[in-house]
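The values are calculated or read from the model by the stated rules, or taken from the named source; none is laboratory data. For clarity, every value in this text was computed on a predicted model and none was experimentally measured. Counting neighbours? That spans all protein chains shown, and the Cβs are built from the backbone with ideal geometry, glycine included.
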Amino acid sequence: MDLSLTPAEEAFRLEARRWLEANVPSTPLPSGDDAEGFALHRVWEKKLFDARWAVVSWPEAYGGRGASLVEWLLFEEEYYRAGAPQRIAQNGIFLLAPTLFEFGTQAQRDRILPRMAAALDVWAQGWSEPGAGSDLAGLTSRAVRDDARGGWRLSGQKTWCTRGAHCDWMFGLFRTDPAADRHRGMTYFLVPLRAPGVTVRAVGRLDGDDGFADVFLDDVFVPDDDVLGGVHKGWEVAMATTSSERGLTLRSPGRFLATAARLVDLGKRFGVDERLRDDVVRAHIDAEAYRLYTQQTVTRVMDGGSIGAESSLNKVFWSELDVRMHATALEILGERAELVDDAPAAVDLGAWMKGHQFALAGPIYAGTNEIQKNVIAERVLGLPRR
Amino acid sequence: MRFAFSPDQLAMQTALRALLEKECPAPVVRAAWTSDTGHSPALWRSLTDFGLVGLTADAAHGGVGLDELDLVLLLEECGRAAVPAPVLEATAVAAPLLRDAANDALNARWQPALASGEAVVTVGLAGSDFVVAANVADLVLLERSGELHAVPAGALTRTAQRSVDGSRRLFTVQWEPSAETLVADGEVASRAIAAARDRGALAAAAQLLGLARQMIAMTVGHVTVRKQFGAAIGSFQAVKHHLANALVKVEFARPLVYRAAYSMARGDADRSLHVSMAKAQASDAAEVAARAALQCHGAIGYSYEHDLHLWMKRAWALGAAWGSAAQHRARVGEALFGG
Ligand SMILES: Cc1cc2nc3c(=O)[nH]c(=O)nc-3n(C[C@H](O)[C@H](O)[C@H](O)COP(=O)(O)OP(=O)(O)OC[C@H]3O[C@@H](n4cnc5c(N)ncnc54)[C@H](O)[C@@H]3O)c2cc1C
C-alpha cells in the first residue's frame, strides 16, 4: 500500500489547479439545464478542450492527455474544489465514450470522439421510455431495416433525457428483433437529434429548469455506421459499461469532497449546535470514505481487475451521502434555506436548495437505489432471485 | 498511489483464516463464555505459533517486528471468528507500547515472553475503567496521571465486571504506583500512550469489520435456507434490502480502517484523525450489521443457543470500547471546527 502521489502526479495536480484558478468564471454560470445557460456551458467546455482539460484520461489524439486513473481522480478533485461549472458534456464523455472505446469501430471513434471532447456535439442518453423505467428491458421503441439506404428507421418515444432539448445527438437502445426475448433483439444506436422525423420537447425538472426532454422519433433514418457494437447486441453493449460507469466515472469523489468541505465552511459561517456539527462530521467522514473506496477500485482496475456488481454499492453510497449533506446544509441555513436564485438574502445564490433538488434525483437516476439494493443482494451476496 | 495489500499480507490473512476455521469454530467461542477464565490456552498457543501474538513485538527481542498495516487484516480475521483471546490488548497495544515507552531491560524481560506466549500482557489506559483479561495476564500496563506503569498481575486487586460478551473478562483494578512499577513519564509516556490509544481504537475497528462481515455472511446462509410462504426468505425484497444496507455500511468503513492502519504504520501527521474516522465508521457499520442480522434471522437469532449473539455482543462491546462512534466523531469535529 502506498497512498502517496508521485512527483509527476503532484505536478499534474498543480498544473490543473493553476489553470482552474485562472480560468474558472468568478461568477457562476447560469444553470446549464436551460437553453441560454447550456450555450454558455458549451463555450466553457470548448475552453476546457482547448487547454486539454476536457477529457484528461483520453488519448492525446482525441484531445486528452492520456492521464492515468489516479490523475483523473486528481483532476476531478481540483475541478470541484475550484467550483468549476457543471459538465454538460458528461453523458457523452463519461457514459458513451467508454462504450465507444470498448465496442466502437476505429472509424466511429475517430469521427465521434474529437467532436464530443470539444463539445461541438453534446450527447443525450435515451434509455427510458414512458413504459420502461427501472424495467428497461420493457422498452418498445423500434428500428426497422432499410436495406435500400443501408440503415434503419427508428420510431418511438424516449423520455427523461437529460438536457435532451439542447443536445445534438442521442445514444440509446431500440428494438430491432421484436420476436426475440425481452433482453435480446435490441440494438445500440447513435441518433442525430436534428434529423428529419425527430421531435424534441423540453420538460421542466423539479427546479423548474428545462433539464429533461421527451424525444419523439417518427421513421428517423440512421445509417449502419451509427450502430454501436453490432445489430441485436444492444443490451450486452449497454450493460457492459454501466457497471464501470456506476462504479467509477459517473460521480467522482471530488464532487462530494468539495460539497463536504463547503458544508464545513457553512457550519463555521452560520454556527452549528452539537447535533448539526455531528452531521457535518459524518458528511466529512463519508466523503473521505468514498474517496478511499474509489482509490481501492482504481487500484483494482489498474491491476487488470474489473468493476462488477459491487458498483451498485458505490451508487447507493454516493447518492445517499449527497442527499444527507444537502439536508444538513439546509438545516444549518434555517429559514434562509428556502431562498433561491436572485433573492437578495439568499445564501450563496441559493446553491444549497438547488443542490438539494439535484441530490434528490441521485437515488432515482442511473438505476434506482431499490434496484441497486436488489443487485447487491443477488449478485454480491448471492441471495435467490424471486 | 496503490490502495491494496501486498501478496504477503494477503497470504497471512488467508492462512490465519484457515487456522481459525479449524481452531476457533463457534463452539470454541461459546466454550470461552462458560470457562473459568474466558481464555483458551490451546487457542493462545496456536495463535502464538502462527506468529500472530508476537507479530508486533520488537524483532530485537524475539518478536516479528511488523507494523499496523501488517496486522490490520489479521485483526479483521480475529473479528470474523470472534476470537476469544486478548490479541487486541497484547499484540496490537501492549507490545508496541512497551517498545515505545520502556527501557531496554524491561523490553528484554517482557517482549520475548510476550512473543513466545509465555506471558500475557494487557493494558489499562486512562479513558477506560476496565482491564480486559487481567485474570490471565502476567503483566498489566497501566496509566496514571500521565505516567505509564508496568504492574505484575500479582500486585493488583481485581474486581470482575461482567460483560455482556461472556468471553470478555473485564476487571477494575486497584494498585499502588511505585518507582519499581514506573515505565515512563513526561513527554515519552504521553506520546507512547496516545499512540497506544490510537492502536487500540484501530484494532477494535478492524475487528468490528470482521464481526460485521461475518454477521452478514451468517445471515446470508440463514435466509438462503429458511423458507416461508413457499420461498427462501432471502428472495423477499425487504430481507435483501436489510442486508444490502448493512453491506454498504461495512464496505465503506473498510477503506477508512485500512487507511488508518497505513497512516499509523507510516507515522502520518493525521494518523489520529484517520483512526477516529475508522473507529466511528466501523462501530456504526457493525451496529447496522448486527441489527440487520438479528432482524433477518427472526426468533432463532434471538435465541441463546444460536451463535449470532456471540458475534453481536462482541460487536456491541467493541463498538463502545476504545471510544464510541460519537466520541471519535467529536475528535474529528475538533479537527474540523477547532475546540
Ligand atoms: C434527474 C434525472 C435525470 C435522468 N436522466 C435520464 C437520461 O438522461 N436518460 C434516460 O434514459 N433516463 C433518465 N432518467 C430516468 C431514469 O433512468 C429513471 O427515472 C429510472 O430508471 C427509474 O425509472 P422510473 O422513473 O420510470 O421509475 P419506476 O421504474 O416507475 O420506479 C418508481 C419506484 O418504484 C421502484 N421500483 C420499480 N421497480 C422495482 C423493483 N423491481 N423493486 C423495487 N422497487 C422497484 C423504484 O425503485 C422507484 O422507487 C433520469 C431521471 C432523473 C430523475
Answer from A:A195, A:A179, A:A107 - the residue that is away from the ligand (no atom under 16 Å from the Cβ), of a type in the set (A, V, I, L, M, F, W, C) and not assigned by TED's automatic domain parsing to the domain that holds A:L228: A:A107
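Taking the options B:D8, B:D58, name whichever one is out of contact with any Asp or Glu (no Cβ under 6 Å at 6 or more places or on another chain) and within 14 Å of chain A (Cβ to nearest Cβ).
Details: B:D58 fails: within 14 Å of chain A (Cβ to nearest Cβ).
Just one listed residue meets the conditions, B:D8.
Look through A:A345, A:A283 and report the one residue that is closer than 23 Å to B:G333 by Cβ and in contact with a Lys or Arg (Cβ under 8 Å, 6 or more places away or on another chain). If you could, list the steps in order and put the result at the bottom.
On the way: A:A345 fails: closer than 23 Å to B:G333 by Cβ.
Going through A:A345, A:A283 in turn, the sole match is A:A283.
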Yes or no: the range A:131-141 includes at least one residue that is buried (at least 23 other Cβ atoms within 10 Å of the Cβ) and within 7 Å of the ligand (Cβ to nearest atom). no
Output the number of residues of the range A:198-213 satisfying the condition of being away from the ligand (no atom under 13 Å from the Cβ) and among the charged types (D, E, K, R). 1
Is the range B:191-214 home to any residue that is assigned by TED's automatic domain parsing to the domain that holds B:W322 and without any contact (Cβ under 8 Å) to a residue 24 or more places away in the chain? no
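When you scan the range B:26-95 for helices (runs of 4 or more DSSP H) that lie fully inside it, which ones turn up with 1 or more residues that are free of Cβ contacts under 8 Å to residues at least 60 places away in the same chain?
On the way: elements: B:26-34, B:41-50, B:68-80.
Counting at least 1 such residues, we get B:26-34, B:41-50.
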If you check A:F256 against the conditions, is it at the interface with another protein chain (Cβ under 10 Å from one of its Cβ atoms) and under 21 Å from the mean Cα position of the chain (by Cα)? no
Residue satisfying all of: in the range A:1-20; free of Cβ contacts under 8 Å to residues at least 12 places away in the same chain and surrounded by 14 or more Cβ atoms within 10 Å (Cβ to Cβ); farthest from the other protein chains (Cβ to nearest Cβ) among these: A:E15
Selection status of A:V323, under 21 Å from B:A285 (Cα atoms) and more than 12 Å from the ligand (Cβ to nearest atom): yes
Filtering the range B:240-259 down to residues that are of a type in the set (G, A, S) and within 11 Å of A:A289 (Cα to Cα) yields B:A253
